1. Any idea which of (1) among the small types (Gly, Ala, Ser); (2) buried (at least 19 other Cβ atoms within 10 Å of the Cβ); (3) in contact with an Asp or Glu (Cβ under 8 Å, 6 or more places away or on another chain); (4) farther than 30 Å from B:Thr51 by Cα is the one A:Ser95 doesn't satisfy?
2. Please enumerate the residues belonging to region B:39-76 that are under 15 Å from B:Ala86 (Cβ atoms) and over 11 Å from the mean Cα position of the chain (by Cα).
3. What number of residues within region B:17-59 satisfy the criterion of being part of a loop (DSSP other than H, G, I, E, B), within 12 Å of chain A (Cβ to nearest Cβ) and closer than 18 Å to B:Val101 by Cα?
4. Check off (1) open to solvent by 20 Å² or more (accessible area, probe 1.4 Å); (2) in contact (Cβ under 8 Å) with a residue 24 or more places away in the chain for B:Glu69 and give me the number that stays unchecked.
5. Which of the residues spanning region A:40-60 are at the interface with chain B (Cβ under 7 Å from one of its Cβ atoms) and either surrounded by 18 or more Cβ atoms within 10 Å (Cβ to Cβ) or acidic (Asp, Glu) (or both)?
6. Only residues that are of a type in the set (Phe, Trp, Tyr) and either farther than 23 Å from B:Ala17 by Cβ or open to solvent by 80 Å² or more (accessible area, probe 1.4 Å) (or both): list them for region B:53-66, please.
7. Just to be sure before I move on: is A:Pro8 under 29 Å from B:Thr51 (Cα atoms), more than 10 Å from every other protein chain (Cβ to nearest Cβ) and open to solvent by less than 50 Å² (accessible area, probe 1.4 Å) in the structure I sent?
8. Being more than 7 Å from chain A (Cβ to nearest Cβ) and either under 21 Å from B:Ala27 (Cα atoms) or open to solvent by 50 Å² or more (accessible area, probe 1.4 Å) (or both) is the filter here; which residues of region B:79-94 pass it?
Amino acid sequence: EAGVTQFPSHSVIEKGQTVTLRCDPISGHDNLYWYRRVMGKEIKFLLHFVKESKQDESGMPNNRFLAERTGGTYSTLKVQPAELEDSGVYFCASSQDRTGANTGELFFGEGSRLTVL
Amino acid sequence: GNSVTQMEGPVTLSEEAFLTINCTYTATGYPSLFWYVQYPGEGLQLLLKATKADDKGSNKGFEATYRKETTSFHLEKGSVQVSDSAVYFCALKKGGSEKLVFGKGTKLTVNP
């Protein structure tokens, strides 16, 4: 069974440009989460989808960030325009059950490293 | 607010040494506590968890006990191996919330 896959693994862009990160969750997982780790800081929650619906986007930093999950399968996270402070590693995770139930286990991808110059 | 504090790394040990990575938390109520591990080139994966006070989570020789009185969830292993080299993240989750709150991570390197 394929795990959570993220693309690209590393992106280097100029300030003001646009970047789109993609996440393919484990097949059949309704719950999809985005997290971000800025260098030297904690991994922080960005948002949570259940199928195609945004359940919680309270962690999104500002309106330069747009997440979508059309059809309830893969998800994209677009940053437009990118700023220097957006640099970090963006993790996607998925689970069949909500983290409030059963194991609370999330399955994470390797992350997409974003560098804004 | 809720937060997790882990010991600063990096930690470097020799094979078969004893490992402790300290983790303390701040949260109201009774959160669930987790240790996640990220091996090189892989995503984070759940290592162990505990959902209530005095619970002990264990997996792959690692253990952590949920201590309500000291708000701690320290990770221990009696004899580390080179294959344990990874970044370890302590995390909590409040009941009714979908969010995991992570610590900063501790990088462990085990030398042969």
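1. The failed condition is (4).
2. Matches in region B:39-76: B:Tyr39, B:Pro40, B:Gly41, B:Glu42, B:Gly43, B:Leu44, B:Gln45, B:Asn59, B:Lys60, B:Gly61.
3. 4
4. (2)
5. Listed by number, the residues that qualify are A:Glu42, A:Ile43, A:Phe45, A:His48, A:Asp56.
6. B:Tyr66 - this is the single residue of region B:53-66 that is of a type in the set (Phe, Trp, Tyr) and either farther than 23 Å from B:Ala17 by Cβ or open to solvent by 80 Å² or more (accessible area, probe 1.4 Å) (or both).
7. So A:Pro8 fails the test.
8. Across region B:79-94, the qualifying residues are B:Gln81, B:Val82, B:Ser83, B:Tyr88, B:Cys90, B:Ala91, B:Leu92, B:Lys94.
The values are calculated or read from the model by the stated rules, or taken from the named source; none is laboratory data. Keep in mind that this is a model prediction, so the values were computed, not measured. All Cβ positions, even for glycine, are placed from backbone atoms using ideal geometry, and neighbour counts span all protein chains on display. Ligands, DNA and RNA are stripped out before the accessible areas are found, and what is left, the full protein with its side chains, is counted by its heavy atoms. Shrake-Rupley method; radii C 1.70, N 1.55, O 1.52, S 1.80 Å.
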